[in-house]
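Visitor: Below is the structure I would like to discuss, written out as structure tokens.
The values are calculated or read from the model by the stated rules, or taken from the named source; none is laboratory data. All figures in this text were calculated on a predicted structure; none of them were measured in a lab. Note: ideal-geometry Cβ built from the backbone for every residue, glycine included; neighbour counts use all protein chains shown.
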Amino acid sequence: MHAPHQPSEDLIQQVAGLFAGERDPWANAANLAALLFESLPDLNWAGFYFLRGGGLVVGPFQGRIACVRIALSAGVCGTAAADRRTIIVEDVHAFPGHIACDAASNSEIVVPLLAGSRLIGVLDLDSPTVGRFGPEDAALLEPIARALVAACDWHLAGIDGF
Ligand code: SME
């Protein structure tokens, strides 16, 4: 656990500015992935998986090439999606079913994107450092995920059920 480079309030304000006047899901998700990747320390992947065709499909991200499709309930992303809750994994190698996209990843946080109880997808951050993510990251990323959900017209993105 550690303090981010900048206070959380600054980052949340930057997120609001990022989405101003734009409702396109891919545009906003792409810029949010870039903002998080450059603002939060010690990450090797930051991005999205979206619920399309009954499973999760990779969306905009920063980092190394990732697994394209993840079944609901598979890995950390699929578990967070199926359970509709944030999951923090201190050591991904100890998480049953973890999907290794980049051998450098050692810890992970996955935050579901929810419109009410409807699943849109997940926000996924990976770190090379074991134990990188804690409750303060969930407290920062959950409102950011809600801001993304509120800022986009999801029917433009081919998300199941929208
Ligand atoms: N590790 C994830 C897969 C996605 S990558 O980390 C980008 C998982 O187990 O769901």
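Visitor: What number of residues within region 59-109 satisfy the criterion of being among the acidic types (Asp, Glu), closer than 19 Å to Ala33 by Cα and modelled with pLDDT of 95 or more?
Guide: Residues in region 59-109 being among the acidic types (Asp, Glu), closer than 19 Å to Ala33 by Cα and modelled with pLDDT of 95 or more: 1 in total.
Visitor: Go through region 108-162 residue by residue and tally those that are surrounded by fewer than 17 Cβ atoms within 10 Å (Cβ to Cβ), within 16 Å of Phe19 (Cα to Cα) and among the small types (Gly, Ala, Ser).
Guide: Qualifying residue count, region 108-162: 1.
Visitor: Picking from Phe19, Phe50, which residue would you name as being surrounded by 16 or more Cβ atoms within 10 Å (Cβ to Cβ) and more than 26 Å from Ala103 (Cβ to Cβ)?
Guide: Numbers: Phe50 fails: more than 26 Å from Ala103 (Cβ to Cβ).
Of the residues listed, the single one that is surrounded by 16 or more Cβ atoms within 10 Å (Cβ to Cβ) and more than 26 Å from Ala103 (Cβ to Cβ) is Phe19.
Visitor: Can you name the residue in region 142-158 that is in contact with a strand residue (DSSP E or B) (Cβ under 7 Å, 6 or more places away or on another chain) and either touching a residue at least 60 places away in the same chain (Cβ under 8 Å) or among the charged types (D, E, K, R) (or both) and is also nearest to Arg85 (Cα to Cα) among such residues? Don't jump to the end; show me each part of the working.
Guide: Within region 142-158, the first condition is being in contact with a strand residue (DSSP E or B) (Cβ under 7 Å, 6 or more places away or on another chain), and the residues that meet it are 142, 145, 148-149, 154, 157-158.
Still in the running and either touching a residue at least 60 places away in the same chain (Cβ under 8 Å) or among the charged types (D, E, K, R) (or both): 142, 148, 154, 157-158.
On the way: Glu142: 10, Leu148: 16, Trp154: 20, Ala157: 22, Gly158: 22 Å.
Filtering region 142-158 for residues that are in contact with a strand residue (DSSP E or B) (Cβ under 7 Å, 6 or more places away or on another chain) and either touching a residue at least 60 places away in the same chain (Cβ under 8 Å) or among the charged types (D, E, K, R) (or both), the one nearest to Arg85 (Cα to Cα) comes out as Glu142.
Visitor: Please indicate, with yes or no, whether at least one residue in region 25-41 is away from the ligand (no atom under 15 Å from the Cβ) and modelled with pLDDT under 95.
Guide: no
Visitor: Further question: Being crowded, with 20+ Cβ neighbours inside 10 Å, under 19 Å from Pro112 (Cα atoms) and in contact with a strand residue (DSSP E or B) (Cβ under 7 Å, 6 or more places away or on another chain) narrows it down to one residue among Leu32, Leu43; which is it? Spell out how you get there, then give the answer.
Guide: Details: Leu32 fails: in contact with a strand residue (DSSP E or B) (Cβ under 7 Å, 6 or more places away or on another chain).
The conditions single out Leu43.
Visitor: Out of curiosity, is Ile87 of a type in the set (Val, Ile, Thr) and crowded, with 16+ Cβ neighbours inside 10 Å?
Guide: Values: of a type in the set (Val, Ile, Thr): yes; crowded, with 16+ Cβ neighbours inside 10 Å: yes.
So Ile87 fits the description; yes.
Visitor: Does region 145-161 hold any residues that are under 15 Å from Phe48 (Cβ atoms) and either in a loop (DSSP other than H, G, I, E, B) or of a type in the set (Val, Ile, Thr) (or both), and which are they? Step through it out loud before you land on a result.
Guide: Taking region 145-161 first, the residues under 15 Å from Phe48 (Cβ atoms) are 145-149, 151-152, 154, 156-160.
Passing the criteria: Val149, Cys152, Gly158, Ile159, Asp160.
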